[in-house]
Every structure is written in structure tokens, then in C-alpha cells.
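Chemist: The structure follows.
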Amino acid sequence: MLDSTKFLTPRQIVAELDKYIIGQQDAKKNVAIALRNRWRRMHAAPEMQKEIVPNNILMIGATGVGKTEIARRLASIADAPFIKVEASKFTEVGYVGRDVESMVRDLAEQAVNMVKTRKKEDVKQQAALMVEEVILDALIPPINQPGNRDGILGFGNSNNNTSSSDMPDSDQELNERTRERFRQKIRNGELEDRKIDIKISQHPSSGVGVVGPGMDEMSMMNIQEMIGNMMPKKTKKRKVTIAEARKILLEEEAAKLIDMDEVKEEAIQKAENAGIIFIDEIDKVASASGKGSGGPDVSREGVQRDLLPIVEGSTVNTKYGVIKTDHILFIAAGAFHVAKPSDLIPELQGRFPIRVELQSLSKDDFYQILKYPKNALTKQYEELLRSEGVELSFTDEALEKLAEISFEVNAEVENIGARRLQTVMSRLLNDILFDVPDTIPVNAHLMITPELVEERLRDMVKNRDLSQYIL
């Protein structure tokens with residue numbers, strides 16, 4: 001069951017997306033509804049859960065308007081397995097390249113990593129105690145038999161004022177006292193830089209490439225893993241500081257405490273019921289004419305045909321088990337500059353019932369993109385120069401001028417959306433970035449004014465040959 005405290009409401013999802021993406025409210029709204037519907041379905045009556053299928057979304061919009069950015073931010077918002085794939089990387093079964101089923105296998109991998117990370121967090125305290133024992137054993141080995149008293153005294157007795165009445169009666173007792181003193185030092189962080197020898201288990205690599213007729217990617221992975229498991233596990237000795245040893249050993253000890261069968265079972269359930277696959281560049285597998293006429297179009301249409309059963313609902317073998325794709329949410333996106341959505345084969349069009357058209361960016365959108373998002377380019381450059389001790393700031397008028405120039409260049413040359421701002425900002429600030437810190441001293445304050453923007457960038461609009469500025 002999906003946790004309601006981690007699943008945001010549609011308005012909360014849109015509010016989170018608003019922090020990074022300007023405009024495109026229609027796209028945000030549809031994505032937010034689809035995401036929330038995952039939680040709603042899991043709380044519906046059991047007999048209806050199997051019947052409720054997700055409404056897959058097709059996002060259409062020019063390059064640089066926020067399609068991919070919505071996917072990136074969605075990944076951080078969704079408490080669910082989420083992967084983003086490029087449709088152009090897939091090839092039809094029988095051609096050299098990745099087949100479409102690999103995206104479901106990637107989703108399973110992502111789900112397993114999510115569950116494993118959460119379970120490691122649950123056993124972190126228990127693992128930390130085990131790591132402490134391993135580090136202590138490396139510093140002061142425990143005594144199993146008498147005869148090592150002098151060695152222990154020489155190493156562990158750091159307090160020379162111990163009275164004879166406090167002397168331990170046996171080597172065992174002395175060893176225990178010494179270990180407890182060092183345990184306290186470890187907990188207080190007094191020995192973080194001391195180096196110790198630890199044994200680290202190495203995962204055996206089969207180093208065998210498996211090739212054969214009818215061998216797909218999944219079969220090769222399974223055979224290689226099987227060969228790897230048959231080989232004896234090796235350990236390797238490393239000399240590291242206690243601080244480094246704690247990090248390395250914590251990962252190993254936590255992994256030992258986790259039941260991997262339970263992880264796989266939960267991960268498969270999570271991937272099937274809450275998984276989201278974002279397929280970018282879907283227009284690249286649509287043939288411009290809508291008819292396969294040979295050449296690359298054959299493979300493109302083959303990819304579309306291979307996508308059909310996955311999106312509609314089928315079973316895919318992964319190394320963690322069989323995954324049903326019936327309730328995985330698919331969000332596809334494409335610029336559709338050359339091809340049109342109607343150039344996709346009709347069956348695939350029907351699998352994406354919700355169409356969302358993203359709007360081209362206006363001058364006001366450019367201004368807001370420069371000013372408001374958490375990751376605005378202006379804030380990025382300010383932070384870069386702050387690392388050199390230089391304060392950079394922009395006036396509102398300068399931002400408006402930058403937005404105006406970006407909009408004009410997009411209109412006159414090629415509309416590449418918000419990516420144009422990277423070209424414009426780089427052109428504006430390159431000289432400053434070059435002069436810091438040699439010419440521009442530390443603690444300097446630089447103000448970007450509309451006059452400076454006009455002086456450095458006006459030729460970008462006046463000059464018709466802008467090939468050197470096009471990304």
C-alpha cells in the first residue's frame with residue numbers, strides 16, 4: 001500500500017513543479033492528476049483495483065519549453081520507481097541495439113534500489129553497532145586464550161596513574177577494559193584519522209561474454225550472474241582510516257541484515273502498481289510521412305510496434321522476477337517538429353489518450369524563468385562567482401532586456417525555447433568569468449544593468465548571421 005503521507009495532493013504536486021518550471025499549467029495539472037491517481041487506485045475497492053488502468057499522457061511541445069524538466073522534477077516528487085528513457089535509443093527486435101523491454105528491466109532495478117535503500121535505513125543503527133565491533137576488533141583483537149597480557153598492556157594502557165588495586169585479575173578482563181576504553185574513543189570521534197586494516201568482500205566478476213543464437217539481453221545477464229554466483233567470493237585487505245572504514249563497512253553490514261527475497265518481492269509490487277516510465281523523444285520513432293517506406297522507417301515503426309504490448313499491458317522477465325506492465329503509468333513527450341502525433345501508428349496513439357500541448361515561451365515567460373525558479377540561471381551564476389568571493393546581482397530592467405533579446409533571437413533564428421537563455425547568459429558573462437579573480441578582485445560587487453546587456457548582446461539581434469550563437 002502506498003503511504004498517503006508521502007503522496008502529495010495534485011495541488012501540492014503543481015506547487016512543487018512551480019518552483020522549477022514556469023507556465024505550462026495544463027501539463028502540470030495532468031501530470032499531477034495522473035500521479036495522485038496511483039495512490040487513489042491503491043485505496044479503491046480490491047475488486048476494482050485491477051480494472052482501473054492509468055491514463056497515459058502524450059506531451060507535445062517545441063524543444064526547450066519544459067517537457068524533460070517536468071520529468072526530471074517528477075522523479076524527485078514521486079515516491080515511486082521512476083525512469084526516463086529516450087525512444088530514439090531503442091531498436092526493433094532483431095536489430096542491433098536496446099529492445100524496448102529493457103526500460104521495464106531498468107524500472108525493476110530502480111524499484112529494488114529504492115526498497116533496498118529504505119530497508120538499509122531501517123537497519124542502520126543495528127549495522128552501526130556491528131561496524132563498531134569490526135573496527136574494535138581491528139584495533140584491539142579480543143583474547144580467546146591467555147598469554148597476550150604484555151601486548152595488550154603495551155597497546156591499551158594509556159593511563160599511567162592506574163593504581164595497583166585497579167589492575168585486572170586476568171588477561172581477559174584487561175582486554176575487555178581496553179576494548180571499552182577504545183570503544184568510547186571511537187564513539188567520541190577521537191580516532192577518526194587512525195589507519196586500520198579491514199577485509200572487504202569483492203563481488204566476483206565472471207568476465208565471460210556470453211554470445212549465442214537467440215540470446216537476448218536478459219538471457220545473457222542471467223547466465224553471467226549465474227556464473228558469477230558459482231565463483232568463490234574473495235576478500236581484499238585495505239588500509240583505511242576509521243572514518244573511511246565506517247562508511248565502507250556500514251554498507252556491507254547493512255546489506256547482510258537485509259532479506260533480498262523480501263526486497264525483490266516488495267520492489268516488483270512497487271514497480272507494477274506505482275511505477276512511472278517517461279519516454280522522451282517519442283517523435284523520433286515516428287516516420288514523417290506516417291508510412292514506412294524502407295530505410296530507418298522500418299526500424300522506427302518496429303519500435304512503435306514493440307512499444308504497443310508494453311504500454312497496453314504485458315509481462316516482462318527481469319532478473320528479479322516477472323513484472324506485469326498493466327498498471328505502469330507511461331508519459332511520452334516529443335517536439336514533433338518534423339513528424340506529427342498522427343504519424344505514430346494508430347494503435348500507439350490510442351495507448352496515450354491524454355494529449356497535452358505545451359505552449360511556446362513568451363517574453364514574460366523568459367523574464368520569469370530568469371528570476372523565480374530555484375535553479376534559475378541567474379542564481380547559478382551568482383553562486384559560481386560567490387565561490388570566488390565576488391557578489392553578482394541583476395537589476396529587474398536587465399532581466400527584462402535579457403528576456404527581450406532571447407525572445408527576439410528565438411523568433412528570428414530557430415526557436416530552441418529556454419535553452420536560448422544559456423547562450424545569451426554565457427555571451428553576457430563570459431568576460432566577467434574570465435577576469436575573476438585575476439582582474440576583478442575578491443569582495444567586488446558587480447551589478448548587471450540594462451545598458452551592459454544592451455552593449456554586449458545587441459549585436460546578437462542585429463547580426464543576421466547568428467550561426468556561432470546557435471546551440
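Chemist: Any chance you could run the full-extension gain for LYS237 through VAL53? It's 0.36 nm times the residue separation minus the Cα-Cα distance, nm to one decimal.
Modeler: Taking 0.36 nm per residue and subtracting the Cα distance, the gain is 61.0 nm.
Chemist: Too long at a 30 Å Cα-Cα cut-off: which of LYS84/LYS119; LYS67/LYS401; LYS119/LYS324; LYS89/LYS379?
Modeler: In this structure, LYS89/LYS379 exceed 30 Å between Cα atoms.
Chemist: Right, next: Which lysines have a Cα less than 16 Å from the Cα of LYS185, not counting those fewer than 8 places away in the same chain?
Modeler: Partners within reach: LYS195.
Chemist: Next question, about the same structure. Any idea of the accessible area per residue across the stretch 363-470, 1.4 Å probe, to the nearest Å²?
Modeler: Here the residues of the stretch 363-470 average 54 Å² of exposed surface.
Chemist: What is the Cα centroid distance between the stretch 405-431 and the stretch 35-70, reported in whole angstrom?
Modeler: What the calculation gives is 34 Å, centre to centre.
Chemist: Just to make sure I understand: if all protein chains stay in place, what is the order of TYR381, TYR372 by accessible area at 1.4 Å, largest first?
Modeler: TYR372, TYR381
Chemist: Next question, about the same structure. With the full set of protein chains in place, find how many percent of the accessible area of the stretch 348-390 is carbon and sulfur; take the probe as 1.4 Å.
Modeler: The value for the stretch 348-390 is 46 percent carbon and sulfur by accessible area.
Chemist: Calculate the spin-label point distance for GLN184 paired with GLU455, positioning each point 7 Å from the Cα along the beta-carbon direction, and give it in nanometres.
Modeler: 6.7 nm
Chemist: Test of the criteria: in the stretch 38-101, which trypsin sites (Lys or Arg not before Pro) are in a DSSP loop and have at most 12 other Cβ atoms within 10 angstrom of their Cβ?
Modeler: Filter output for the stretch 38-101: LYS50.
Chemist: Would you mind calculating the gained length between GLU121 and LEU250 on full extension (0.36 nm times residue separation, minus the Cα-Cα distance), in nm to one decimal?
Modeler: Contour length minus the Cα-Cα distance gives 45.4 nm.
Chemist: In addition: Which one of LEU249, ASN273, MET260 has its Cα pushed farthest toward the positive end of the charge dipole of the stretch 234-280, where Lys and Arg give +1 and Asp and Glu give -1 at the Cβ?
Modeler: Toward the positive end, the furthest listed residue is LEU249.
Chemist: Turning to a different aspect of this structure: So which aspartates and glutamates can LYS284 reach, going by Cα to Cα under 12 Å and dropping same-chain residues fewer than 8 places off?
Modeler: Output for LYS284: GLU86, ASP297, GLU301, ASP343.
Chemist: Between ILE354 and THR9, what is the label-point separation in nm under the 7 Å Cα-to-beta-carbon projection?
Modeler: Result: 1.8 nm between the two label points.
Chemist: Now a separate question. Give me the percent of accessible area attributable to carbon and sulfur for the stretch 394-461, probe 1.4 angstrom.
Modeler: Here it works out to 50 percent.
Chemist: Then there's this: Starting from the Cα of ASP261, move 7 Å in the Cα-to-Cβ direction to define the label point; list residues of the stretch 96-123 whose amide nitrogen is under 18 Å from there.
Modeler: 116
Chemist: In the structure displayed, which of LYS120/LYS256; LYS28/LYS116; LYS116/LYS239; LYS233/LYS256 lie more than 21 Å apart, Cα to Cα?
Modeler: LYS28/LYS116; LYS116/LYS239
The values are calculated or read from the model by the stated rules, or taken from the named source; none is laboratory data. From a predicted model like this one, the values you see are computed outputs, not experimental measurements. When we count neighbours, we look across all protein chains shown, and the Cβ atoms used for this are built from the backbone with ideal geometry, even at glycine. For accessibility, only protein heavy atoms count, side chains too; no ligands or nucleic acids. Shrake-Rupley method; radii C 1.70, N 1.55, O 1.52, S 1.80 Å.
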